[in-house]
Amino acid sequence: MRQGFVGNNRAVAPVIGFIFVIGFLVLLLAVYQAQVVPQQNAETEFEHHEDIRYELRSLHHAITDVSQKQSPRFQSLNLGTDYRARTLGINPPPAAGTIRTEQHNISISNGSSTEDIPTRFIEYQPGYNELDIGSTWYENSVLYLDERDRGNDLVVIEDQQIVDDTGNLTIVALQNEFQETGTGRVTLELYPSNDLNNVSLPDPNGNYSVKIPTRLNGTGYWERQFGDGVDIDPVAGEDHDLLNLSVAPEALELSSVGIQLEPTGIDGSVEEESEEEYDYAEETYHRDDNSGDAVQPVNPSGDIENPSAVNEEGGDTATAISSGGQEDLNVGFALPPTDESAETYTMRFIIERIQVGGGDFGFSLVNSDGEVLTERQVLEEGDNTYSFDDDEEQAISNNYDDLYLILDSETNGSGNRELAIDYFELLAG
Amino acid sequence: MRDRNPSTTIWNDRRGVSEVVGFILILGILVLTLTTYQATILPQQNAQTEFQHFEDVRNEMIELRNAISTAGQADVSQFPSVKLGTNYQSRILTINPAPPAGTLQTSEAYNISISDSTDTENISTKFIEYQPGYNEITAGSTWYEHSVLYVDEPGTRNAITIEDQHLVTDGNKLKITTLQNTFQRSGTNRETVELLPNQSAVDLSDLDDSEELTVRIPTRLNETEYWDTLDEKLDTDDHVGYEHVDESGDINYLVLNTTNKEHLEINAVEIYS
């Protein structure tokens, strides 16, 4: 007997059952991969987020510690995380994170001149697959989670420590480039500044006006900290603004912390700054018959006109002059300390003009006791460099912070003796 | 009389109990699956567990290294911990090997010698080795010596650096943290390492203040493997100079010089369990 397809009621029950079971398993697996795996991975990411928050907090404390105790710290961060291992189901690649620094300037001004101090913000940017979490920033001792570009608010994790209860302003300038991406642990080596004393701030003239870069404008954070009167200048075209503070010179404390390397000094160009500060026009740094109280020469004669002109190359000249009829010229300058460990020393002079009858101008170096360290050498017009022999160089090294330059004339006539000096410098090589 | 039906001999008997045959087949497949699982999937999963532990221990060794430097240079006690081994995931039907145990121990002591033209001062120091005891993956020991952290892969000539040295960072100062006392722990648990600064172990009073110093630092690494990167980093006008690596003995010595005592800083850390 034959039946039509529609009228056929036979079935192979085990086969249909098997297909059902397989179908059910595949469905389960798909639900697991689509629902449970992302949930569990989000949980792993959230745990990492909690951990990194704790580690960034430790980093914040470590930076403060380094600047206060002047001893290094070695702080590590686990930038990313691996998801749990799975037999069934597939994970996305491990979540990597990025830590980077961004340079800005703090400026300190006395009203007429300004000193810029480079500092850096630190940004930690997570690279989660499931969670959508913004970057965590460290700027000037404030640690916060920035969710503003996601339409959320900003969460402050650690408050500012730049201004304390007594109104002191403590600035920690963070220096050196650092950038790392990955899923593993990286170390930030934090070193204190070696030369805090080399900070060359402009001379105080009442209160300093301090401008601190900040990304926190418009969040009300600084208003909550310092009251409604706080003054923030927007900076056009930049993602940061400047917070204006006014501070008495004695309440300002500066230090710097370097990442991976010692900071190069607060202003980044310490030596040049200290040279600029050295002013030969100051009474203690020159001596002639009429003015100056440098220790040498003890028996000055003649005059130095416009001594500040030798502070820098080019421009005006200082004139060492001894009028006709008087005795020979004998004037001097106190030299700034030089490098004690240099191998060679040379003396460079830029002489604009020498006017002398019969005879010459010369120079020698002495120490404060008047001991002659280098033999007298005759000066020529123009930009010339004068070298010393080994014994003389040893003597300069031994007296590196006690050097005086003596300028004198040896003439037989009695006319005007004039030496116009643009610049001189003791070079250590 | 022969009443045996020729059709029922073993060869031409066509009767069968299909349920029994089916059961035997399914049992056979199950046993086969179980053995395949035990032989191939289980070692894979255990290797994964071991690899994760290897990553964790790498992170913890970085923390240990940072803690030693902080204890020495900032003069504060530190208490990092290292999980020496791990446990495999628990299983119902199959059998795991014994949990992998690891060993964290200090090496024998070596001398750092610092000499001026007439005198030599010796300060002893040790390295730290973490030796994993994995069953599945082959991983070499992780070594700490003078702020360098590296994995010494067996069978390869190259050490894989995890954290670079900070003996010299900017050429201005040579900072050495020495490690003293003996430490040895083995097992699968987490062990805390106590690091106590001990400045009294360092005495450089015999050396002249202004003379150039030669510093010989024991190292397991050789020049081509690692230290030539330090050579490239230092300039001739730096206060710390690179001379060479002395590879003549059982242990190598990195030879550096400093222009005087001011550019050398040595501190000591004692390690306890």
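Worth a mention:
- Residue list for the stretch A:55-92, filter: assigned to a strand (DSSP E or B) and facing chain B (nearest Cβ under 8 Å): A:Arg73, A:Phe74, A:Gln75, A:Ser76, A:Asn78
- Restricting the stretch A:216-257 to residues that are hydroxyl-bearing (Ser, Thr, Tyr) and more than 23 Å from the chain's Cα centre (by Cα), the residue that is surrounded by the fewest Cβ atoms within 10 Å (Cβ to Cβ): A:Thr219
- Those residues of the stretch B:177-190 which are open to solvent by 40 Å² or more (accessible area, probe 1.4 Å), assigned to a strand (DSSP E or B) and out of contact with any Leu (no Cβ under 6 Å at 6 or more places or on another chain), in sequence order: B:Gln184, B:Ser186, B:Arg190
- A:Ser107 vs. criteria part of a loop (DSSP other than H, G, I, E, B), within 30 Å of A:Gly206 (Cα to Cα) and away from chain B (no Cβ under 14 Å): no
- Selection count, the stretch B:204-242, where residues are part of a strand (DSSP E or B) and touching a residue at least 40 places away in the same chain (Cβ under 8 Å): 8
- Any hit, the stretch B:228-236, residues being closer than 16 Å to B:Thr178 by Cβ and either in contact with a strand residue (DSSP E or B) (Cβ under 8 Å, 6 or more places away or on another chain) or basic (Lys, Arg) (or both): no
- Identity of the residue in the stretch B:118-150, surrounded by fewer than 21 Cβ atoms within 10 Å (Cβ to Cβ) and part of a strand (DSSP E or B), that ends up nearest to the chain's Cα centre (by Cα): B:Ser141
Table: residues versus (1) touching a Phe, Trp or Tyr at 6+ places or on another chain (Cβ under 8 Å); (2) hydroxyl-bearing (Ser, Thr, Tyr); (3) touching a residue at least 12 places away in the same chain (Cβ under 8 Å); (4) within 19 Å of A:Pro297 (Cα to Cα).
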| residue | (1), (2), (3), (4) |
| --- | --- |
| A:Leu335 | yes, no, yes, yes |
| A:Ala342 | no, no, yes, no |
| A:Tyr345 | yes, yes, yes, no |
| A:Val356 | no, no, yes, no |
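- Subset of the stretch B:48-80 that is more than 10 Å from chain A (Cβ to nearest Cβ) and either without any contact (Cβ under 8 Å) to a residue 60 or more places away in the chain or under 30 Å from B:Asn135 (Cα atoms) (or both) - its residue that is surrounded by the most Cβ atoms within 10 Å (Cβ to Cβ): B:Leu64
- Test: residue in the stretch A:389-411 that is polar (S, T, N, Q), more than 44 Å from the chain's Cα centre (by Cα) and assigned by TED's automatic domain parsing to the domain that holds A:Leu335: yes
- Qualifying position, being charged (D, E, K, R), away from every other protein chain (no Cβ under 14 Å) and open to solvent by less than 30 Å² (accessible area, probe 1.4 Å), among A:Glu102, A:Glu123: A:Glu123
- Of all residues in the stretch B:243-259, those being touching a residue at least 40 places away in the same chain (Cβ under 8 Å) and surrounded by fewer than 16 Cβ atoms within 10 Å (Cβ to Cβ) number 1.
- When restricted to residues that are touching a helix residue (DSSP H, G or I) at 6+ places or on another chain (Cβ under 7 Å) and among the polar types (S, T, N, Q), the stretch B:246-273 contains 1.
- Screening A:Tyr144, A:Tyr191 for residues that are in contact (Cβ under 8 Å) with a residue 24 or more places away in the chain and within 14 Å of another protein chain (Cβ to nearest Cβ) leaves exactly one candidate, A:Tyr191.
- Scope the stretch A:146-169; condition closer than 21 Å to A:Glu55 by Cα, in contact with a helix residue (DSSP H, G or I) (Cβ under 8 Å, 6 or more places away or on another chain) and among the hydrophobic types (A, V, I, L, M, F, W, C); matching residues: A:Leu154, A:Val156, A:Ile157
- Qualifying residue in the stretch A:157-166 (condition: within 30 Å of B:Asn66 (Cα to Cα), open to solvent by less than 60 Å² (accessible area, probe 1.4 Å) and not in a loop (DSSP other than H, G, I, E, B)): yes
- Strands (runs of 3 or more DSSP E) enclosed by the stretch A:212-266 - at least 1 residues per element that are within 14 Å of chain B (Cβ to nearest Cβ) and closer than 30 Å to B:Lys175 by Cβ: A:252-259
- Criterion violated by A:Asp132 - all others in (1) more than 13 Å from chain B (Cβ to nearest Cβ); (2) touching a residue at least 60 places away in the same chain (Cβ under 8 Å); (3) farther than 30 Å from B:Glu50 by Cβ satisfied: (2)
- Which numbered condition B:Thr86 fails, given (1) closer than 24 Å to B:Gln199 by Cα; (2) touching a Pro at 6+ places or on another chain (Cβ under 8 Å); (3) within 14 Å of chain A (Cβ to nearest Cβ); (4) polar (S, T, N, Q): (1)
The values are calculated or read from the model by the stated rules, or taken from the named source; none is laboratory data. None of the values given here were measured: they were computed from a predicted structure. Cβ sites come from the backbone with ideal geometry, for glycine too, and all protein chains shown count toward neighbours. Side chains included, ligands, DNA and RNA excluded: accessible areas come from the protein's heavy atoms. Shrake-Rupley method; radii C 1.70, N 1.55, O 1.52, S 1.80 Å.
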